[in-house]
Structures are given as structure tokens and as C-alpha cells.
Amino acid sequence: MTRHVVVVGAGPAGLGAAAAALRAGARVTLVDSAEHPGGQYHRMLPDAYRAARPGRLHHGWDAFDRLRRRVTGHPRCAWWPETSVWMLERSAPGEPRPPRVHVLRGPADGSGRERRVLEPEALVLAPGAHDRALPFPGWDLPGVFTAGAAQALAKGERVVVGDRVVVGGAGPFLLPVAASLLEAGASVAEVLEAGTAAAVARGWGRRPWELASQAGKAGELAGYAALLARHRVPYRTGRAVIEARGDGRVEEAVTARLRADWSVVPGTERTVTADAVCVTHGFSPQLELPVAAGCALRAGATPEEPFVEVDADQLTTAPGVYAAGEVTGIAGAPAARAEGLLAGWLAGGGAPSAPELRRLRARRDQGRAFAARLAAAHPVGAAWPGWLRPGTVVCRCEETDYAALCRAADDAAGGAAARAVKLGTRAGLGPCQARICGPTVAELLRRRAAGAPGRPAEGLAPATPHHRPVAQPIRLGELAEPPRESE
Amino acid sequence: MSPRLVPASADAAGRRPDVPLRITVDGVPYNGAAGQTIAGVLLAAGRRSWRNGPSGAPRGVFCGIGACFDCLVTVNGDRDVRACRRRAADGDAVTTQSRAADSADPAGTDGGER
Ligand SMILES: Cc1cc2nc3c(=O)[nH]c(=O)nc-3n(C[C@H](O)[C@H](O)[C@H](O)COP(=O)(O)OP(=O)(O)OC[C@H]3O[C@@H](n4cnc5c(N)ncnc54)[C@H](O)[C@@H]3O)c2cc1C
Ligand code: FES
């Protein structure tokens, strides 16, 4: 009987995995909560827009378009759009099977969606990441967006978030976001990279051959830089948005020069008029599904930012469960695709000795090296909490402020767990279930416990804010309906 | 100064003319284009916030991709729908939600069904 592979996520990683598993001869069910494949990178326009030239908004569109048609039209592929995995049900201990995959099919957060259960022989998890945004005073004002939100709105539905936008944070993602805003007709006041010029140059310059091997990426980034230059948009390093101000919405951003550890250089504050501020300080992998599947995590740049641990075959520590893409490390779309292709081939029962795998493994290894370089070039500076004021909201859902967190941490000092802090302040207990503030709260508590901000803590187990047995909301009515079993 | 939809006629992606749709938010009509999310319709109409946090603080779109739950609305009676992920359908009756203690929102706390 043909092997059944379920792939969760149809971004660059998941689409690659599906394609390779099909090539290996497997039967594939590809699920994504979005209506179209593409993930964050190749986010497609809605059909209702009837766009004649969608490729204009994308890099590598033609190859993507061919791939997605081949995969979704393949006789052995079931493509399930608008399908959210809300739970993974692990098999009995000792049983070497991947978890059963519980999904809901229908419009986002709708009622009465169809419940289905899939029982794969192999599972590929490729759910991607979302922006990590550090708090600063005013980051909860309407008009402050993550950079990813601006990107998703511009690319995915042609909505531009403001007229005059400040883009700030850390990492190369700032560039495509600024480029999309310009393309969509906004003016970009400035692009601010918090890392100092020296730190960024050191990170990017040390081993240029790794960069060259990501040729697609290098060319793409150069294109964005040229666009910024054409529009005379300043790109400043060692500068960050440290405050957003306005009456009920953003009216201005306060920026300041930063030292290498992201402490503010006093007296360098500047006020910029803007109606939108877009920030990203890195990416947080969406770990709830891997955690639910029982996959071990590995430490990232800080203890609060782990990734899924995978071996040379993209296999996680959970039986039959592979992981690919930004859940294993942040290295951009080409690296995600390479990981997906490898994971899918092996998950689909393809021969580990197949000659094509040599090249694929090499590409995947280049991707991993690139991820390590990116992380080294754009670390979050340890002194960023210096931006915070006592009243700055840290948990957006519960509006827990920095002072309340510090108080709770001090009360808890001497053994009390992160859980006590959580219950005391409610930080991380709101609707987003700590997706946004989880790593930040854990980091602030760790620093607080270690004394001076910036000094690394020794041996303190951080809270693991990634445990969410219900990965996506399900309604009581839907839960009451028995699922339709599908093979 | 406000967010907006790139006009179809000026769109490099070569969009055909928009197919109009209309939704209501707390009874007030908003015009949008088929394909937009509910958040997209509201933003393009210049509205940046529609939900209130526990202190009454305004919330709208933050993450744009379904991670932050800032944008929750009630759609045709279904609470806690992420406006950034739900496509607007012509005639949708959207009501806003609030977690503020003194709000008129009957259920008071969103996220309650999870
Ligand atoms: C908002 C945003 C915009 C971005 N835009 C760009 C860009 O323009 N250029 C660039 O170079 N990089 C961009 N990135 C970085 C981007 O994440 C990667 O380059 C690339 O898309 C990663 O590929 P992936 O396959 O690992 O994950 P993704 O592309 O994120 O794909 C993951 C997919 O999994 C699906 N999914 C997740 N959880 C579930 C679930 N429980 N059930 C069902 N489906 C699920 C998601 O809907 C998504 O389609 C963006 C990132 C974000 C967060
Ligand atoms: S804006 Fe974050 S969930 Fe909708």
C-alpha cells in the first residue's frame, strides 16, 4: 500500500515536502489554514482580485507557480486549503507511529467547520514562524504593526498600512517590507536596523562564500537595497524605534542611536512624524505543533527562543515526525524549501541513498550555515529592556506592564516558578496564549533573576511558553460533533 | 493620512476592477472589495482599531497573520474571529468586542471559548 504522508503548512518548506513525497511515490495530504499555498513568502492574492500579473509582487514566481500547480493537481495529492490543525494526538508510548492529526475545515474561526482526523504513516511539520516584536512604550498604539503584518497586507491583499511609515528592528527582513510598502505607494520615512554597522558588517562579512551560496537571496536583497536608494529612503544601522506616540493612534515615532548591546545613547533621540510604525526584531517559530507531537527542542540564540531539533534527515525526536522550514531555524525561503524537499522525500519512503540527495543535503547544510550567520549578525541586544518604562505594556492581551512583571519576579525570587508569576500578573494568559509576549516575559524574568539586566543567568530553567495542546481555536459546538475519520 | 487599498487601476499586479461588497460593523456600513479580509476592509476604510483591551485600550491589527489575537471580532454571531484571517463576505454583520469591565459587550471576555 502506498505510504500516506501528511504535510502541515504549504509554505516554501511544506510545498517542497509535498512535492518530494509525491516524487517518492507516497500519497500526500497537504493542509494549510490559508486558501492558497505559498506560506508567508509566496502569499497569493485572493482569487476575487483576478490579478493578471500576480508574479510582479514576487521573487521566483514562475517556479513557485509551476510547483504549486503540479503538487495540488497531482493524482496522489489531496490539497486541503482553509484547514487548520487544532490538535495532534500522540500514539501510545512505544508505538512507533506519528500522531493523529485533527483538523478543522472551513473559513477562519468559523462555526460549524468540518472536523476530520488523519492517520499518517509519516508527518511533516512546516508551520513557519511569526515576527518577534520587542515591546517599547507605545507599541500597543493602533498604527504600530509587526513588519510581517505590513508585508502580509501589502502582498496578500494590496492594503498599505499608512502613508508615512517607519520600519525598524533587526535583520534582512526589514528590506522586503520597506520595498513592499514603497511598491504599494506608501512613503517610507526611514529603515532602522538596530544592530550597529560594525556588528552587521562582522556578521555578514566573515564568510562571504556562505552568502554567495544563497545566491537567490543575495540578489533579492541587493534589489531591495537599490529600490530604497532610488526612493531616497535612509537605511540607518545602530538606530531603533524606542517609542511610538500619538493620541489614540500613532502620530510620531521616537528613534535613538543604540550601542552594540542596544542600550540607548543618551541625547540621540529624534522624533519622526509617521502614521504607521512597522517593527520586527526577529522571528519566533510556531512551536505548538512540534511540542504537541513530542518533538525535542534545541536552544536558539537565547534559552527563550528554541527551535525544533532535527537530525541530518530532518527527522525530529518523535517517531515518524519530520520538521522543515523556519521551525528548525530562520534562514529564509530557499533554505526552507531545501529542508522541505529533503524531509518530504524521506518521509515519503524515498531511498536515503538516492543520488539527488547529495546536492539537496549540501543545499540544506548551506541553509543551516546561513541561519547561524543571520542569528550571529542580528542578535537581540541584551540591553533592550532599557527602552521600557514602568508603565510599558509587555503582555498586549492582559496589559501587564513592566513594573508589575518586575514586582512579581522579585516576589518570586528564591525559587518560585514562572507559573506563579504568570498567575500573579496574568502575563501570557490572554487570547494569544503567550505567542507574542512569551519569549519576552521569560527573558525579562531571567534577566531580573540574574540581577543586572544583560548579565546572563546560569542554570535557570526558563518557562516553556510553547505548550498549547489546542493549537488553533475550536468552538464548543465543533468539539461536540464527532470527527469524520479519514484514512 | 491613513491606510488604504491600492487602487485596482494602478496595481502592478494587474487586478481587474474590484467587486464591491458591504459589511456592517456595529450597524455602520463599510464598503470593501471581494477578497479583502475583514481587517483589510476596516483598515482600508481608515479604521485602525475596533477592539478594547482590559483597560479599554484600543486594539486593531498587530501581527496580521493570526498569532496575536488583537483583531478579534464577532462575525454573524460567532465570537472571537480573527479579522486578519477571515475574508469579508458581502452582508457580514460584524460586531466589535471588548474586554473592558465597563463595556457594553455582553460576553465581556473574549477568548472565552478556548
Ligand atoms: C508575515 C510574514 C511575512 C513574510 N514575508 C516575507 C517576504 O516577503 N520575504 C521574505 O524573504 N521572507 C518573508 N518572511 C519570512 C518567511 O517566513 C520565510 O522566508 C518563509 O516563508 C518560511 O517558509 P516556511 O515554509 O518555513 O513557513 P511559512 O511560509 O510561514 O509557511 C507556513 C505555513 O503553515 C501554515 N500553518 C501554520 N500553522 C498551521 C496549522 N496549525 N494548521 C494549518 N496550517 C498551518 C501557515 O498558514 C503557513 O502557510 C515572512 C514572514 C512572516 C511571518
Ligand atoms: S492581527 Fe494578530 S491575530 Fe489578527
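None of the figures in this text is laboratory data; all of them are computed from the coordinates on show. This structure is a prediction, so every number in the text was calculated from the model and none was measured. Cβ placement follows ideal geometry from the backbone for every residue including glycine, while neighbour counts extend to all protein chains displayed.
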Label-reachable residues, segment A:58-83, where backbone N falls under 18 Å from a point 7 Å from B:Asn76's Cα toward its Cβ: A:82-83
Everything considered on the Cα gyration tensor (a ≥ b ≥ c; rounded for a/c under 1.5, else prolate if a/b is larger than b/c, else oblate), segment A:114-160 must be described as prolate
Run the simple label-point estimate for A:Glu356 and A:Arg236 please: 7 Å along Cα→C-beta, distance reported in nm. 5.0 nm
Rounded to 5, the percent of DSSP beta bridges in the protein assembly as shown classed as antiparallel: 55 percent
Over chain A, what is the relative contact order in whole percent, taking alpha-carbon pairs under 8 Å and six or more residues apart? 20 percent
Using modelled backbone amide H atoms (1.01 Å from N, in-plane), which distant-in-sequence or interchain residues come within less than 5 Å of A:Val124's amide H? A:Val6, A:Val7, A:Val8, A:Tyr322
Percent of beta bridges antiparallel (DSSP, segment A:133-281, rounded to nearest 5): 40 percent
Principal-axis tilt of helix A:438-449 within chain A, Cα atoms, nearest 10 degrees: 50 degrees
Using a Förster radius of 30 Å, what is the FRET efficiency between A:Ala372 and A:Ala197 based on their Cβ-Cβ separation? Nearest 0.05, please. 0.90
State the cysteines of chain A left without a partner when partners are defined as other cysteines whose beta carbon lies under 4.7 Å away. A:Cys77, A:Cys278, A:Cys295, A:Cys397, A:Cys406, A:Cys432
Return the Cα extents of the protein assembly as shown along principal axes one, two and three, sorted largest first, each rounded to a whole Å. 67, 55, 54
Between B:Ala101 and A:Ala218, what is the FRET efficiency for a Förster distance of 56 Å, r being their Cβ-Cβ separation, to the nearest 0.05? 0.60
I'd like the Karplus ³J(HN,Hα) series for segment A:385-392: coefficients 6.51, -1.76, 1.60, θ = phi - 60°, whole numbers in Hz, and an x wherever there's a Gly or Pro. x, x, 6, 6, 10, x, x, 5
Residues with amide H under 5 Å of A:Glu305's amide H, sequence separation 5 or more or different chain, H placed in the peptide plane at 1.01 Å from N; which? A:Gly300
Protection-proxy order for peptides A:181-192, B:20-31, A:76-87, A:161-172, each taking the mean of Cβ atoms within 10 Å per residue, highest first: A:161-172, A:181-192, A:76-87, B:20-31
Name the residue from A:Thr273, A:His36, A:Gly367 whose Cα lies farthest towards the positive end of the charge dipole of chain A, charges +1 on Cβ of Lys and Arg and -1 on Cβ of Asp and Glu. A:Gly367
Simple spin-label estimate for A:Glu35 and B:Thr24 in nanometres, 7 Å along Cα-Cβ: 2.4 nm
Output ³J(HN,Hα) for segment B:37-54: one whole-Hz value per residue in order, computed from phi by the Karplus curve 6.51 cos²θ - 1.76 cosθ + 1.60 with θ = phi - 60°, and x for Gly and Pro. 6, 4, 4, x, 4, 5, 4, 5, 8, x, 9, 9, 9, 8, 10, 10, x, x
Under the rule of at least 5 residues apart or a separate chain, name every residue whose amide H is placed under 5 Å from the amide H of A:Ser187. A:Arg164, A:Val165
Which residue, chosen from A:Gly430, A:His130, A:Ser187, occupies the Cα position most advanced towards the positive end of the dipole of the protein assembly as shown, where the dipole is computed from +1 (Lys, Arg) and -1 (Asp, Glu) charges on Cβ about the Cα centre? A:Ser187
Would chain B count as rounded, prolate or oblate if I go by the C-alpha gyration tensor, calling it rounded below 1.5 in a/c and otherwise prolate when a/b exceeds b/c, oblate otherwise? prolate
If R0 = 56 Å, then A:Ser187 and A:Arg90, at their Cβ-Cβ distance, give a FRET efficiency to the nearest 0.05 of 0.65
Can you give the extra length, in nm with one decimal, that the chain gains between A:Arg245 and A:Arg76 once fully stretched, where that is 0.36 nm per residue apart less the Cα-Cα distance? 55.4 nm
Over segment A:1-105, relative contact order from alpha-carbon pairs under 8 Å, at least 6 apart, %: 26 percent
In whole Hz, the Karplus estimates of ³J(HN,Hα) for segment A:4-9 (6.51, -1.76, 1.60; θ = phi - 60°; x where Gly or Pro) are 9, 10, 9, 10, 9, x
Note down the relative contact order for segment B:18-96 as a percent, whole number, built from C-alpha pairs under 8 angstrom at least six residues apart. 37 percent
Relative to the present Cα-Cα distance, how much length would full extension add between A:Arg407 and A:Thr268 at 0.36 nm per residue of separation? 47.0 nm
